[in-house]
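Visitor: Below you'll find the structure I mean.
The values are calculated or read from the model by the stated rules, or taken from the named source; none is laboratory data. This is a predicted model, so every value here is computed, not measured. So basically every Cβ, Gly included, is an ideal-geometry build from the backbone, and we count neighbours across all protein chains shown.
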Amino acid sequence: MRVTQVLNLRKRVPVRRQYECSYPIPFQALHPLELGDRYTNLQANNEARPCVSQLTVLLQCFKDSDFNQKRCAESLKNYYTCIEEYAKGKATSGAKDRKLHDVKRVRDLTQLEASKLLKSKPIK
């Protein structure tokens, strides 16, 4: 008999069991189990960052030309126009213009819309 066969004979196969607790664990409510009248969105803003490519081109140009603005005037102009276009687009497509019945999913609600909805139709 080989040594590995002897070692494998003593090897135990782990048995997976579900252990049930013999005593009940009391539930401690730290907060009231009801919805409030307001909603606070604590998640980070998932909005895409605008004009990142123009900014990288601008910074690379500055690095190559020892931060001389005259040599990087074209890339600087492109970056500023991109920022202006983004600001115009954001101002026209604000969430203030849309109605609550236009929202298709709860996930698409903004913080202000969710708070307004909870205030208008309380659960209590």
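Visitor: Are there any pairs, at least 6 apart or on different chains, whose C-beta atoms fall under 6 Å, with the first in region 74-102 and of a type in the set (S, T, N, Q) and the second assigned to a loop (DSSP other than H, G, I, E, B) and at pLDDT 80 or above, and if so, which?
Guide: none
Visitor: Please specify each residue of region 72-102 satisfying the condition of being farther than 30 Å from Leu118 by Cα and either touching a Cys at 6+ places or on another chain (Cβ under 7 Å) or at pLDDT below 90 (or both).
Guide: Pass one, region 72-102, residues farther than 30 Å from Leu118 by Cα: 72-88.
Result: Cys72, Ser75, Tyr79, Cys82, Ile83, Tyr86, Ala87, Lys88.
Visitor: Still on this structure: Take Pro14 and tell me if it is at negative phi and modelled with pLDDT under 65.
Guide: Against the criterion (at negative phi and modelled with pLDDT under 65), Pro14 qualifies.
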